[in-house]
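Asker: Can you keep this structure in mind? I'll have questions shortly.
The values are calculated or read from the model by the stated rules, or taken from the named source; none is laboratory data. Bear in mind that the values here come from a model prediction, so they are computed numbers and not experimental data. Glycine also receives a Cβ, built like all others from the backbone with ideal geometry; neighbour counts cover every protein chain displayed.
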């Protein structure tokens, strides 16, 4: 494992910034920097699964990853950018303003190579559908922490169907209270109450190994 | 749909306290809630109350002391709480001390199509203290600004057998509101000294608050709300919580116990990693808040029934989305597992929020009353 991946995994913010900047200055391929960052985030995910890390560390790693990407992304745009694993629309269901679970999932998904279209919180079904159409995304992630969000999730799935997109879009719901029963009620393809697990499910949707 | 048949028509704090202290397996299974939103209280009692005002009062309680209109609204809410407890048959009425800590909360934008009313949630991203400078500039209330007006007010009107259950927001709960959960998570790793200093200020205020609350003759118990878990584990690492939060919770619980009052803990999420500390170090008398997808109440009861009493457990998903028949079945399942051994009260897994179906709330009460009748109570 590279120094950069290890620094991200160990949440060493200053060290990550320095390594990324040094790599950019020395002309390293920006895509390889992104790849090392992803490897670091994978380790964070493993440590979270094994309960060495908790929500705090997950959020902190996300911040470090974002900071690293802020340095790398301009270089990626200047050169060739890698193709995303898949395009994905993500947001918190109408009637719910909880954002932290959605934001953690979004950061981890970006780190895993997804191109994200974040519609924010309290997002109406038509907003999800419009963004799916505009982006051509093949995965939709709907987050919610409150029971009333189940109804909004269901309405969103119905709106995706009504728009003729359902066969082209895999739908995952996430949040602290969603269960398999809720998944069936909503009509989604997958359910998770855990952001790293959600990333794995989305990778499967994207056909990634 | 106002309540047609109350759970009971007399009040017996003495019995509830014995159950909470696990001193009896005899008598009816009591009912308990941490919080009931204004809308269901209005529906049960038939008393109109502008629910959005309750959200404002909870968000900025301190302002009520200097604003006659807000004070009047606060008194109306207290009247509603009293009427609700009497109408249903709770052995207590819930009151909240006024602790004027300025904080932020987020509410949904008004939505005329929404079937439920307004609710407010803690700030998740960034609160009002995110660095040392903001901490230094923050105006912490002095201890003499803490007001027990609600407890005095309710205490003067309690029917025979009823006590005041005092709900207190916990230090970690307020910390999340002050910093925002995301900012807190980062600060807990990058600047734990800042988090420590904020917690110290909050502990100073909360130890005092719980001390005077527990000393109040109308107080039956303190219901202390401190959400520390997500669905898969503690929000911050158990190590952090054990270093910075648990020892302070012990000080707060001690302030309650020194007056011989019970310290009931409401805390959501998966807390297995700190449960021994909560019971063994803090000395909680009861645990409240259960979700079936995290740990069904029966499982927790089997593990900890000899050490703490266990409160509530009807899953919020079921209460808000299930049928009355499903609620009755689940209530009976829980009663079968938890009632015979004592130290258990029926209630929701979290709260009777404004999105709980009122008929499901009644179904939970009806099934519990039926259980008690079947057992001769």
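Asker: Run residue A:68 past the list (1) crowded, with 22+ Cβ neighbours inside 10 Å; (2) within 14 Å of chain B (Cβ to nearest Cβ); (3) more than 24 Å from residue A:204 (Cα to Cα) and report the number of the one that doesn't hold.
Answerer: All conditions are met except number (2).
Asker: Still on this model: Out of (1) under 19 Å from the mean Cα position of the chain (by Cα); (2) surrounded by fewer than 23 Cβ atoms within 10 Å (Cβ to Cβ); (3) at pLDDT 90 or above; (4) within 14 Å of another protein chain (Cβ to nearest Cβ), the odd one out for residue A:153 is which?
Answerer: All conditions are met except number (2).
Asker: Out of curiosity, is residue B:185 at pLDDT below 95 and either surrounded by 22 or more Cβ atoms within 10 Å (Cβ to Cβ) or in a loop (DSSP other than H, G, I, E, B) (or both)?
Answerer: Numbers: at pLDDT below 95: yes; either surrounded by 22 or more Cβ atoms within 10 Å (Cβ to Cβ) or in a loop (DSSP other than H, G, I, E, B) (or both): yes.
Answer is yes for this residue.
Asker: Then there is this: Residue B:294 is checked against (1) away from chain A (no Cβ under 13 Å); (2) touching a residue at least 24 places away in the same chain (Cβ under 8 Å); (3) under 27 Å from residue B:256 (Cβ atoms) and fails just one. What number does that condition carry?
Answerer: (1)
Asker: Would you point out which residue out of B:359, B:326, B:367 is modelled with pLDDT of 95 or more and either within 14 Å of another protein chain (Cβ to nearest Cβ) or not in a helix (DSSP H, G or I) (or both)? Steps first, answer last, please.
Answerer: Values: B:359 fails: either within 14 Å of another protein chain (Cβ to nearest Cβ) or not in a helix (DSSP H, G or I) (or both); B:367 fails: either within 14 Å of another protein chain (Cβ to nearest Cβ) or not in a helix (DSSP H, G or I) (or both).
Just a single option satisfies the conditions, and that option is B:326.
Asker: Here's a follow-up. Quick one: which residue in A:188, A:105, A:123 is crowded, with 22+ Cβ neighbours inside 10 Å and away from chain B (no Cβ under 14 Å)? First the steps, then the outcome.
Answerer: On the way: A:105 fails: away from chain B (no Cβ under 14 Å); A:123 fails: away from chain B (no Cβ under 14 Å).
Residue meeting the stated conditions: A:188.
Asker: Could you check, for region A:74-95, whether at least one of its residues is part of a helix (DSSP H, G or I), at pLDDT 90 or above and more than 11 Å from every other protein chain (Cβ to nearest Cβ)?
Answerer: As a first pass, look at region A:74-95 and keep what is part of a helix (DSSP H, G or I): A:74-78.
Next, only the ones that are at pLDDT 90 or above stay: none.
No, region A:74-95 has no match at all.
Asker: Kindly provide the set of residues from region B:297-314 that are assigned to a loop (DSSP other than H, G, I, E, B) and in contact with a helix residue (DSSP H, G or I) (Cβ under 8 Å, 6 or more places away or on another chain), ordered by number.
Answerer: First, the residues of region B:297-314 that are assigned to a loop (DSSP other than H, G, I, E, B): B:305-308, B:312-313.
Selection gives B:305, B:307, B:308, B:312, B:313.
Asker: All but one of (1) within 14 Å of another protein chain (Cβ to nearest Cβ); (2) surrounded by fewer than 22 Cβ atoms within 10 Å (Cβ to Cβ); (3) without any contact (Cβ under 8 Å) to a residue 60 or more places away in the chain hold for residue B:271, so report the exception by its number.
Answerer: Failed condition: (2).
Asker: Something else about it: Among the residues of region B:123-172, what is the count of those that are outside any loop (DSSP other than H, G, I, E, B) and either over 28 Å from residue B:242 (Cα atoms) or out of contact with any strand residue (DSSP E or B) (no Cβ under 6 Å at 6 or more places or on another chain) (or both)? Talk me through it step by step, then tell me what you get.
Answerer: Within region B:123-172, the subset outside any loop (DSSP other than H, G, I, E, B) is B:132-137, B:143-145, B:147, B:149-155, B:163-169, B:171-172.
Retained after the next criterion (residues that are either over 28 Å from residue B:242 (Cα atoms) or out of contact with any strand residue (DSSP E or B) (no Cβ under 6 Å at 6 or more places or on another chain) (or both)): B:132-137, B:143-145, B:147, B:149-155, B:163-164, B:171-172.
Final tally of qualifying residues: 21.
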